[in-house]
Amino acid sequence: MSETISFHIDPLCPWAWQGAKWISQVRSVRDIEVKWGLFSLFLINEHHDELEDDRHSMLFPLRALALARREEGNEGLERLYFAIGRSLHDVQPRPEANEDLVRAALADSGFDRGLLDRAIDDPSTEKEVEEEHAAVVEAVKAFGVPTIILPNGRGIFGPVKAVAPTGEAAGELWDHVRWLTDQDDFFELKRVRNRKPGQLAA
């Protein structure tokens, strides 16, 4: 029987991008469905003074995703998110996450480039991002991405992988994550990061 999980992302986060590539692989080898959700790294960190001028630049990609979902559902959000991710995180040197990049991703994913302008001109897209962000923070105390809400309602942060596993390796990682999270008294496992997202071991 298929299980549905909620996978919350911010398109600006390269670690969440590796997580999203992983979970998309898991779908091909395990019986799960993915409902994509939004989370804002800006909103979780907006108390930091150095971010006060970054509101637009950190929220407009999420606002475009929110409008894409309104117009074409979960699948539309996924198409646009993966187009942004490929353009932003899978190339070196990493480009600037500007409006031109998102417009190109819109075209690549079958949307009208003007969707970004409509999203920016519509205050309700920002409200939608804020409300969805607040809801996942309230529900599972989310603090970063990727955040996964499992079928049992529990929320987890991660797994955080530098390189997304593929095929059966992706499924095996999912099996281990599920086993750990099914342990009622398990809460945390962490180690120091020694490489950047997308970087293989030396």
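Show me the three semi-axes of the equivalent ellipsoid for the chain, from the C-alpha gyration tensor (sqrt of 5 times each eigenvalue), largest first, rounded to whole Å.
For the chain, the semi-axes come out at 26, 19, 18 Å.
Shape verdict for the range 116-202, please, from the Cα gyration tensor: rounded (a/c under 1.5), prolate (a/b greater than b/c) or oblate.
It comes out oblate by the Cα gyration axes.
What is the total of Lys pairs in the chain with C-alpha atoms under 23 Å apart, excluding same-chain pairs fewer than 8 positions apart?
Taking the chain as the scope, the lysine pair count is 12.
Filter the GluC sites (Glu not before Pro) in the range 134-190 to those in DSSP coil with at most 13 other Cβ atoms within 10 Å of their Cβ, and list the result.
Qualifying residues, ordered by number: E188.
Counting each pair of different Cα atoms once, what's the Kirkwood radius of the range 16-92 in Å, rounded to one decimal?
13.9 Å
Would you mind telling me the share, in percent, of accessible area of the range 28-158 contributed by carbon and sulfur at probe 1.4 angstrom?
49 percent
Mind listing which trypsin sites (Lys or Arg not before Pro) in the range 53-160 are in a DSSP loop and have 13 or fewer other Cβ atoms within 10 Å?
When the trypsin sites (Lys or Arg not before Pro) of the range 53-160 are filtered for loop state and at most 13 Cβ neighbours within 10 Å, K141, R154 remain.
Per residue, how much accessible surface does the range 137-202 expose to a 1.4 Å probe? Answer in Å², no decimals.
Result: 69 Å² of accessible area for each residue.
If I take every Cα pair under 8 Å that is 6 or more residues apart in the chain, average their sequence separation and divide by the length, what percent do I get for the relative contact order?
31 percent
Output the antiparallel fraction of DSSP beta bridges having both residues in the range 1-147, as a percent to the nearest 5.
Antiparallel bridges: around 10 percent, rounded to the nearest 5.
Of all the Cα-Cα pairs you can form in the range 109-148, what percent are over 15 Å apart?
Above the 15 Å cut-off, the range 109-148 has 55 percent of its Cα pairs.
Lys and Arg at +1, Asp and Glu at -1: add these up for the other residues within a Cβ distance under 15 Å of V29 and post the number.
Taking every other residue near V29 into account, the sum is -2.
If N is the number of residues in the range 83-164, what value comes out of its Cα radius of gyration divided by 2.2 N^0.38 Å?
Rg over 2.2 N^0.38 Å, computed on Cα atoms: 1.34.
For the range 92-186, which chymotrypsin sites (Phe, Trp or Tyr not before Pro) are in a loop by DSSP, counting at most 16 other Cβ atoms within 10 Å?
Loop-located and lightly packed - F143, F186.
If each DSSP helix of 4+ residues adds -39,500 (n - 2.57) and the sum is divided by the residues in the chain, what number results at 222 nm, nearest 500 deg cm²/dmol?
-17000 deg cm²/dmol
The values are calculated or read from the model by the stated rules, or taken from the named source; none is laboratory data. Here the structure is a predicted model, which means the values were calculated and not measured. Note: ideal-geometry Cβ built from the backbone for every residue, glycine included; neighbour counts use all protein chains shown. Each accessible area value is taken on the protein alone, full model and side chains, heavy atoms only, with ligands, DNA and RNA left out. Shrake-Rupley method; radii C 1.70, N 1.55, O 1.52, S 1.80 Å.
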